[in-house]
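K.L.:
One structure is given below, represented as structure tokens, and several questions about it will come after.
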Amino acid sequence: MDDHPGKSPDHLTINVTHRDDPVFEVTEADAFASARKYPNIVVRGPLFGLAAQRRGERPRWRLMDELDTGFPQMARDELNSHLWFKAKDDTEDRAERRSLLAAVARLETEPVNEVTADGVRYRVVRADEFARIGGGRLEPPRATDPDDDSWDLDAPESSRTKDFVVDHAAAVGLAEGIDRAGLLQLSYTAGRFPEDVRADSRRALTTHPGVVLLPTTFRVVERKELSWSMVTGQHSTPQAARRALVDHLTRPVPHLPDLPDLPELPAWMKVDEKEQAIHDRAAKKFMARRRPNELLVRGRRFEVVRVERVMRIGPDGPERPRPSDTDDYGPSQIHPLMDEEGNLTYGT
């Protein structure tokens with residue numbers, strides 16, 4: 001029996017299209033070639049962030065941040081601050097401020113994953129981070145990934161994730177359509193995951209049967225004998241990850257400007273000048289190459305890798321945190337109390 005006669009609901013629709021565009025065709029060919037070279041995936045685990053849905057955008061949701069926190073409560077705290085500052089700085093309307101502060105009050109006392117304030121739905125959402133692997137190697141950046149050539153280590157980094165519209169029915173190319181179809185049954189099966197995590201993962205295949213791929217990010221990892229360890233956070237372009245690696249090698253101690261004289265650093269914080277010189281030379285050679293993705297320093301192998309995130313979608317939109325997604329701490333009051341006039345009360 002057909003449960004969805006006629007047009008399938010958005011969260012089950014994968015709309016594949018083709019554009020008569022040379023760039024599109026090259027990107028598609030690059031994706032198919034990468035799929036053959038890196039046919040398997042390794043799942044790192046969940047990431048959490050925020051999404052909003054305004055009246056005029058339903059059933060779509062728009063991401064509010066980078067979706068890069070490791071615990072749901074960190075995203076809840078981020079939402080708490082977003083709404084509090086919105087009430088403080090972005091409105092003079094008392095009814096709107098009351099609505100925003102009511103949501104803040106809930107977030108201060110309950111581990112809620114969705115609140116509505118001033119007609120906007122705010123949701124803590126989750127996605128699974130994974131990388132493709134083939135021949136014992138994680139996939140590096142593709143030639144068609146958006147990139148730049150700047151080595152300015154202090155340049156601000158643009159975002160491709162913030163404001164991304166989560167729309168399961170949006171048209172995608174054939175390569176992405178095939179990728180998404182292949183990820184529909186992705187779940188945690190490895191023994192390293194506890195049984196409750198695996199059970200929640202299996203359940204999500206039914207409660208949130210659709211998948212959307214979020215904008216690709218890039219990380220620097222250090223390759224070990226049988227594994228990889230992360231060196232940097234996620235970055236929106238391969239070059240931003242390369243800059244982060246150079247920064248990691250050449251700026252091992254944070255710069256503290258305009259501070260009074262400090263006592264001598266403890267031994268564990270001191271930089272070995274000989275070791276630092278080796279790192280500086282390695283970084284200089286690395287920067288002399290065009291878009292390098294590997295660096296070997298003193299027997300340590302650093303790699304720039306391509307990282308993807310898949311978000312599960314159900315009838316009501318993106319998946320929220322699962323019961324087995326754990327937190328190190330709970331909700332709390334982050335900011336001073338505010339009344340509907342915008343007056344602040346400090347202390348208890």
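The values are calculated or read from the model by the stated rules, or taken from the named source; none is laboratory data. These numbers were taken from a predicted model, which means no experiment stands behind them. We place every Cβ from the backbone using ideal geometry, glycine too, and count neighbours over all the protein chains shown. Note: accessible area is taken over every heavy atom of the protein model, side chains too, but ligands, DNA and RNA are not part of it. Shrake-Rupley method; radii C 1.70, N 1.55, O 1.52, S 1.80 Å.
K.L.:
Scan segment 63-108 residue by residue and report those that are more than 15 Å from TYR329 (Cα to Cα), among the basic types (Lys, Arg) and either in contact (Cβ under 8 Å) with a residue 24 or more places away in the chain or open to solvent by less than 70 Å² (accessible area, probe 1.4 Å) (or both).
P.N.:
LYS86, LYS88, ARG94, ARG97, ARG98
K.L.:
Another question, then. In the list LEU67, LEU83, LEU79, LEU107, which residue meets the criterion of being touching a Gly at 6+ places or on another chain (Cβ under 6 Å) and among the aliphatic types (A, V, I, L, M)?
P.N.:
Going through LEU67, LEU83, LEU79, LEU107 in turn, the sole match is LEU67.
K.L.:
In segment 188-204, which residues are open to solvent by 30 Å² or more (accessible area, probe 1.4 Å) and among the small types (Gly, Ala, Ser)?
P.N.:
The answer is ALA190, GLY191.
K.L.:
Given the conditions (1) touching a residue at least 60 places away in the same chain (Cβ under 8 Å); (2) surrounded by 13 or more Cβ atoms within 10 Å (Cβ to Cβ); (3) closer than 26 Å to GLY314 by Cα, and given that VAL165 satisfies all but one, which numbered condition is not satisfied?
P.N.:
Status for VAL165: all satisfied but (2).
K.L.:
Same structure again: Applying the selection to segment 109-130, what residues are open to solvent by 10 Å² or more (accessible area, probe 1.4 Å) and aliphatic (A, V, I, L, M)?
P.N.:
VAL112, VAL120 - these are the residues of segment 109-130 that are open to solvent by 10 Å² or more (accessible area, probe 1.4 Å) and aliphatic (A, V, I, L, M).
K.L.:
Then there is this: Could you check segment 19-43 and list, in sequence order, the residues that are in a loop (DSSP other than H, G, I, E, B), open to solvent by 60 Å² or more (accessible area, probe 1.4 Å) and under 16 Å from ARG180 (Cα atoms)?
P.N.:
PRO39
K.L.:
If we scan segment 44-62, do we find a residue that is touching a residue at least 60 places away in the same chain (Cβ under 8 Å), open to solvent by 40 Å² or more (accessible area, probe 1.4 Å), under 29 Å from ASN343 (Cβ atoms) and under 24 Å from the mean Cα position of the chain (by Cα)?
P.N.:
yes
K.L.:
Being open to solvent by less than 10 Å² (accessible area, probe 1.4 Å) and in a loop (DSSP other than H, G, I, E, B) is the requirement here; does PRO321 meet it?
P.N.:
In short, no.
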